[in-house]
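Worksheet for the structure shown next.
The values are calculated or read from the model by the stated rules, or taken from the named source; none is laboratory data. If you're wondering where the values come from, they're calculated on a predicted model, not measured in any experiment. Cβ sites come from the backbone with ideal geometry, for glycine too, and all protein chains shown count toward neighbours. Ligands, DNA and RNA are stripped out before the accessible areas are found, and what is left, the full protein with its side chains, is counted by its heavy atoms. Shrake-Rupley method; radii C 1.70, N 1.55, O 1.52, S 1.80 Å.
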Amino acid sequence: MSLHRKPVLDPGPLTTEIVSEIDRDKHVLLQMLDLHREKVAPLDLTTMQYLSTATTEDDLPQDPTGLANAFFRRLWLSNPQARSTCCKVPVGEYGLDMDENSQCAINPLDLVAVIYMTTNSFLQQEIAQRMLQCNFAVPLYLPPIYPEKIGTLLLCPFRGVLGQWKSPSEGPIMKNMADSRMPFLSAVRLGFCNISKSRVLNRVLGGPHKRNDCFINSGMEGGQLPRVLSDGLVEVCWNLHSGDDCNVFSRPVLVANLRGDAADCEKQMSLLCYTSAVLIVFCGSFGDKERELLKSWRDNTSHMIIIDCATSVEDGQENHNEKMKQRLMKDLELPDGTMLNGCEGDEEEIAENLRDVLDRFIPYLHTTNLVGTAGMASDLEINVDEDEICRMAFSEVEEVLSGIEDGVSSYLENQLPLQGAVWKQLCQLEKEEARQQQHTSQSSAGEKENLIKQLLDYELTTAMRAFTAALCSMDTTKRAFFLSWMRVKLEVMQLDSLSCHREVDENQMQEPCIGLEHFLREMGLVYERYFRGPNSDLYDMFRLPYIGADLLFYGVPLEFYDGDAAVFPMNWVYSVLYEVHRQLPKFSRMRVLTILGFHNSKNAEVLSALFGVNFPKWGRRHIKGAYILLLSLPDNFRMEMDCEFLLLISTEGLNSQTERSLVHDSELATFVSGLSDITLINLPDEGQNDTRSNLQIAANAILCTRNLERKTTFRVASEGAGLDGKIMSCVIDVLTTGQLPNISKREALPTSETRGISHNLYSPWTSSSMTSQNDQIHSDAILRLKKKLLTVFHEKATNGQPTCLGAFMEHMLSMWESVKNGNFAIKFGDTGTADAIIGLCTKLVHGEKHLNDQLDLWVEALDDHITELKESASQNGEHMDSDRILRILTDKATTQISTEKDLIKASLWDYLRQEDIDISLVENYKVSLHKKVDHIQETMTSDVAQKLESATIRHDMAVRMHALLTSLEAALEVRLRTLLQTCKNNNCVIEDKELEREFVSVWENIPSNMNEPPSETQEIFTRMVEQLKKNLSDRGLKKQNIRLRDANQLNGFKVKTAHFALSSKMKKSLKYKKNVAQRFTNNLIEDCDRRVSEKVCHKEGYSDSYMRELLAIVDKGLEVLKGESFVMAPKFEVDIKGYVCGKAAESFQEVQESFIREREIKERFLNETRDKHMLNFIYQFRKRDQCQKAAHIFTNQCLKPTVEDFIYNSLERQIFDDMLQSENARLYSSPKKFHYSLLKEMLMKDSFENFHEYLQSHESFCRKSIENFIRAHLSGSVMIEDRREQRMHQIFDWMKRCINQASESESGAQSNVRQLLEKVCSSLESLGKITMPTQILKKPLFDISTHREHFFTNLEESVSELSSAIAQEFMENEDVIEVPDNLPDKLKEMLYENVKGCDKRCPFCKAPCDLEEKEHPVHEAVVHRPKGLVCYTNANSTTLSHNTCSADIAGQNQFQNRDTAGQSLPFKEYQSIYPDWKIYPEDPRNNGAAVYWRYVFMRYNNRFAQKYQCAPAILPEAWGKITQKEALQSLREAFQITE
């Protein structure tokens, strides 16, 4: 891992043995990406420096070989398109089955997989951190490339990943994600599914209103391409809890996604089953194989959720399929609600249902972490990427950090003591001595001697001995693991403390923080201490610079300035750089870039995005100081910058608000700025209290370095969109040479507070402001900044020589002496001049902003101004063209800008007087300030002029575009309706790409009055020279030297002596001749100018005919000139024609440039119009398609069942009425007649079972009897009137009326679909006995806002289609009316309701109440029965009782039951317990009513006794004489029936 650019030896072609191990497609894919050799030498961290540095554009790769580099470059820029596989030539002669119409070469998932397969663990760590920061899923399990190998579980990439979330009980929590325990959710696919598992997961993780593209899916660009390497891949992502209302789940979860068919991934499924808290299975079918797999997985997992994604079910198999799923749920012991229906393919609804189920589960799930998952993988014989070398490095880290658990403070004091107070005091004392600030030199010397003595008592500690020994390891891989483990271990050990103190002020933190940079600083101080007094006991000091140089080559930054002690460790840094210089090639040249980072600046992130380097990051440990890295430049940068290396200096923690921070920070900023070619001032996001201090430090650095021999160029980068960056840019302009640039020196880096600390998942995972758009803006800004820096370096390369490392080292020592001695015109603590300049620049920037805001408002209203001018001219009978309008508006704008400029200048000096600032502090900068104000005026005037020109052209174009847009909108509406109908008929989904193509086809077919022929950029001067040559040739002047008008002729054409022929050069008359020739020439030129002006005035572009016309004018004039007494030389003709042609060429060139500008504005206008209409077209399609689907689903799932119920309820009533009109059905006309018919039927059939069933369950027997009657009635042919069509028209008329009412009652264009449909349902239910299944309106499909008119149009179309379909069905079954399958059940209910009467029973004999009135307070039974028939026995006996209720109340018998609370009461007093019953006493003279049951009891006495397991009743002998005929007659008399 060297910084040197060593040539990579070609390992040669792959051997036959290796080729045979790789299947064809995998081998071809690796060759496509040019990664087939990387298995020998995996990509490492140093690779990123070349990949990130080499580019300044985010261009599409030329072919698939550039996809890997594009992935790295974009990922380091946090570009949301990092996983894109689009390239200019996506498909070549590779032999893979890819889509030739796609711009994507491969599936993006294959790109991610192959990147991980061809990189080492350390680069994978960086990739994982950045992918998670971009909200991308990260591989956890890599399937093998070689078939006979086994896959690998990746744990190492997650070791450095930190996450932050909020717990309701514990507050903010920050943890290492590899060790954090949380519920593990896994999603797998079993068989073919008609929905996208990954898209559903994205919807679940994103919530109902947030877009989430975590998992690559078929809906993304390239996601539909076949996968080659990634089947079997397991990806993971986290969903962390941010503590606000936007959380998806109540606690953080880890989500895994298995790619490919789970049936083919045995190892992966074993791992996921054992580790997952919930296994989510998207199941495409439920065959025998699938059920067996589900059972085996269920045995090993805690919870399982199954989503039924069966593509289709055969006719008649729905019930079977449902029963099978119910049986499967029972076999798998799945609770209710865990089998979700996904057959309809509505992914949004599936996601919502899945989210609800998971939300119920998550609070109670067991937790696990990735470390535990890795342990389980080892048990399952799956490779884990942390090998023996990794474990050895971890043990070395444990040895170094032994004792740190007792506290960081004590560890720093005992193991890293050189960084303590002694070193800081000594450095400060030496600095004060150098500046001669000590009054008592003897006291100073004594104190210094005492401090050095304490320093010399140092002995190498156990921790540092182990640390340096680990760094000296010859095994670079182990050393890399050691450094990685050191970072991770130190971070993990301090996370609890950081979580607790993250919300409080840093001054309140009890324990200091420690990082790897503290150990590296201690190593440097061990070497630095050696120069204070050599000690032979110290541990081989002279190999430490070699270690430092080796680490620098590896990419570990070297601490260049100790920010805590405010000192430059001169001996240590010099020795390390000398070792670097010794190893670099001779004559190596370099340039220096410094980035000044303030409190909370993101220096490390910016440099990482720019150059792929890793600097210590501010934020977790509040580090302070400066660090350097040496970057080897790629070839393209070497040519531009005229050097081979770039030295990066990054300062961290300036203005950290500590004691003496301003002086120390100014020293540091001055020191590093004085060493640099470019100093980038990186200002943090605004809203902080220390913004002014940041500007003071930067301004002082500029003031101190402005007079140095080595000039540094200052640039500003702002992480916010506020004014501090503009103020700093103004300060730079004022304090530097005074040469104001034509373009702004400020480059904004739009970031947000969410782009926080690297290695921390909190920023992109929990902030709602972290969007792909913000990422893209940040990515573009970084590339723009890199291009600006490269431009400055290129300018420096043309103006001066680069330096070599040796010269830099000498300059470094000299600069430190100057800083140490304070050899600058301004003292480091003096901010008077800086404050004055900053205050003036602040006023200037605010004035500029005010002016800019005013102009923006004025420009926004230009359409109105132009319209007013045209109307005013029209009223006066004038025509006002665009040029005149532009002149009027330009004059107004120029006047306003000039007025504001004067106000800005006045405000600057008012500020000095108001703040009582000494004018002498800024006296030297007055000229620069005035130039800055003048520059603002020039810039504003130029900008406004361009805006005015664009606005006038756009206004004219907008007027001319009206007809075009009208025809376009009409054509788009036709195409939109066609697409919607296609989508509706085919039940398909149209992607955005297809919609874009449809729009383009419409756009290109619209005849446009805007498509003027483009004016090509013509070489006017060249063509004029050609015409001039031809003219001169025709006139016999072939060998003349032609020269068009140049800078020497800007004041006009001068006739010279050389223009006269030899015979006319007589001195006496030469002056006169010159005057005559000059007057003639001037007139000739004026004639030509007038002709050119005519052409230019009409904005006519250049034509060769114009040139010939001008030359003809000159030729005619020359003929006139021949009439004079003197003769002109051929040179005169050549020069005058050259002058005329050159002057005309300039005029025509201006017209040409005007044409070009106008064409660009037109193209921009048309493109903006095109893009706006395209986006609106796609939006309208999506909204109207959603409306169409909502209307269709509502019609089919709500209105259709309602219509069928309404129609067939009429059919039921017709059949019911027909049944009551039949001969036997008259007995069903009332409850009393029905009861009589039941008793008579039982008597006629004479069946004990019927009597017993009737007595035990009256209702059941009645229903059975009704059912038999209906079955008999329907078994024949039923002739009824067909009133279906009438009912159909009635219900559809009601529906149309309700839809119209809802449409007219709503105000406004936009309405909520659910509310509209609820109104329709409510109105429809109010019109008749209609109940609508409105529960479907709870689906998310209906929770949308849409254009009311479009929705009701779709709803009316759907209702009309439903009406036509039902009418067609009736026509096809005109002769035979098919009844629904559930009709008998409905008729049974109707008949039963008609005859059931009162449902009360006699409290003694259970005889039913026979009163037919619906409401009656007292119940009566026509026929009471002997109580023995219902299992009553005589008192104190097992003999069935033959007494009836009527007989008991006339006698002395008593009763007791639960209603009497166990007490015996006389039957005569029964109404005290049952006041709602009326039982008439038995008349001894008339036993007619009781004869029926006496006959039955006598006939079946033994059977009843046997059934009730009692003794038979002792019945009177008279009962035995009753005949069936007498029983039937008594029944007729009791019910008063005449037959």
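Answer rounded, prolate or oblate for region 1102-1200, using the Cα gyration tensor with square roots of eigenvalues a ≥ b ≥ c: rounded when a/c is under 1.5, else prolate when a/b is larger than b/c, else oblate. Since a/c reaches 1.5 and a/b is larger than b/c, the shape of region 1102-1200 is classed as prolate. Take the Cβ atoms of Q1471 and K1525, set R0 to 41 Å, and the FRET efficiency comes out at 0.65.
May I ask you to order 392-403, 1437-1448, 794-805, 72-83 by the average number of other C-beta atoms within 10 Å around their residues, highest value first?
Final packing ranking: 72-83, 1437-1448, 392-403, 794-805.
Each residue, D406 and S378, gets one label point 7 Å from its Cα in the Cβ direction; the gap between the two is 3.0 nm. The solvent-accessible area of V944, taken with every protein chain present and a 1.4 Å probe, is close to 10 Å². The three principal axes of the C-alpha atoms in region 359-468 carry coordinate ranges of 74, 39, 24 Å, sorted with the longest axis first.
If I stretch the segment between E1259 and K1131 completely, what's the gain in nm (0.36 nm per residue apart, minus their alpha carbon distance), one decimal?
Roughly 33.0 nm would be gained on extension.
Fully extending the segment from K1245 to K1400, taken as 0.36 nm per residue of separation minus the present Cα-Cα distance, adds 53.1 nm.
Students often get this wrong, so check it: of K166/K210; K1319/K1414; K1400/K1525; K1189/K1296; K602/K827, which have C-alpha atoms separated by over 25 Å? Please report the intermediate quantities before stating the final value.
Numbers: K166/K210 20 Å; K1319/K1414 36 Å; K1400/K1525 30 Å; K1189/K1296 19 Å; K602/K827 28 Å.
From K166/K210; K1319/K1414; K1400/K1525; K1189/K1296; K602/K827, over 25 Å: K1319/K1414; K1400/K1525; K602/K827.
What is the calculated FRET efficiency for T899 to H794, with r their C-beta to C-beta distance and R₀ = 30 Å, to the nearest 0.05? That gives a FRET efficiency of 0.15. Net charge in the neighbourhood of V859 (other residues with Cβ under 13 Å of its Cβ; Lys, Arg +1, Asp, Glu -1) is -4. In this simple spin-label model, placing a label point 7 Å from the Cα along the Cα-to-Cβ direction at both S1345 and V89 gives a separation of 5.1 nm. Projecting label points 7 angstrom from Cα along Cα→Cβ for K149 and R1170 puts them 4.8 nm apart. Stretching the chain fully between V974 and A1058 yields a gain of 22.7 nm (0.36 nm per residue, less the alpha carbon separation). For the residue pairs K149/K295; K726/K787; K1245/K1507; K1233/K1468; K295/K1339, the alpha carbons lie more than 24 Å apart in K149/K295; K1233/K1468; K295/K1339.
When its C-alpha radius of gyration is set against 2.2 N^0.38 Å (N residues), region 1384-1539 gives a value of 1.12. Which trypsin sites (Lys or Arg not before Pro) does region 556-604 hold that lie in a coil by DSSP with at most 10 other beta carbons within 10 Å? Counting only loop positions with at most 10 other Cβ atoms within 10 Å, the trypsin sites (Lys or Arg not before Pro) in region 556-604 are K586.
In this structure, the amide hydrogen of I305, modeled 1.01 Å from its nitrogen in the peptide plane, lies closer than 5 angstrom to those of L279, I280, V281, counting only residues at least 5 positions away or on a different chain.
From the alpha carbon centroid of region 1111-1132 to that of region 825-870 is 58 Å.
For S218 and Y546, the FRET efficiency from 1/(1 + (r/R0)^6), where r spans their Cβ atoms and R0 equals 60 Å, is about 0.65. In order along region 976-990, the phi-based Karplus estimate (6.51 cos²θ - 1.76 cosθ + 1.60, θ = phi - 60°) of 3J(HN,Hα) comes to 4, 5, 4, 5, 5, 5, 4, 4, 6, 5, 9, 6, 10, 10, 9 Hz; Gly and Pro are listed as x. Solvent-accessible surface (1.4 Å probe) assigned to Y141 amounts to roughly 10 Å².
Normalising the average separation of contacting C-alpha pairs (under 8 angstrom, six or more residues apart) by the number of residues puts the relative contact order of region 827-941 at 43 percent. Given a cut-off of under 8 Å on Cα pairs at least six residues apart, what relative contact order in percent is computed for region 1486-1539? With pairs under 8 Å counted, the relative contact order is 52 percent.
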